[in-house]
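Q: Structure in structure tokens, see below.
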């Protein structure tokens, strides 16, 4: 997955929220939930803002490891800093 993501600029393609969310979604499947959170930070740093689907992937990754603090951080970041509106 990483190789595919890294090759996008070589093909004159730009990563968007769908690309980033797909990348994020690969890690919980492999039980690499911490990496999922790291990629979320990269996503924000790259200026790509999450949507509701991104929130579902992140919250699923955090809750599967019972990482309640990380879930709270993700929600605060998405709501306050990124201004993503989540249907709660």
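Q: For a footprinting-style exposure proxy, rank 37, 13, 59 by other Cβ within 10 Å, fewest first. Could you put the intermediate results ahead of the total?
A: Working: 37 19, 13 10, 59 16.
Ascending number of Cβ neighbours within 10 Å: 13, 59, 37.
Q: If you don't mind, there's one more thing I want to ask. Can you put 23, 35, 76 in order, fewest other beta carbons within 10 Å first?
A: Numbers: 23 20, 35 16, 76 11.
Lowest count first: 76, 35, 23.
Q: Stretch residue 6-residue 44 to full length: gain in nm at 0.36 nm per residue minus the Cα-Cα span?
A: On the way: separation 38, 0.36 × 38 = 13.68 nm, distance 1.66 nm.
Once the chain is fully extended between residue 6 and residue 44, it gains 12.0 nm.
Q: If neighbour count is taken as other Cβ atoms inside 10 Å, put 48, 36 in order from fewest to most.
A: On the way: 48 19, 36 25.
Least crowded to most crowded, the residues run 48, 36.
Here, each number is a calculation from the coordinates, and none is a lab measurement. Not measured: the values here are computed from a predicted model. Every residue, glycine among them, receives a Cβ derived from its backbone with ideal geometry; neighbour counts consider all protein chains shown.
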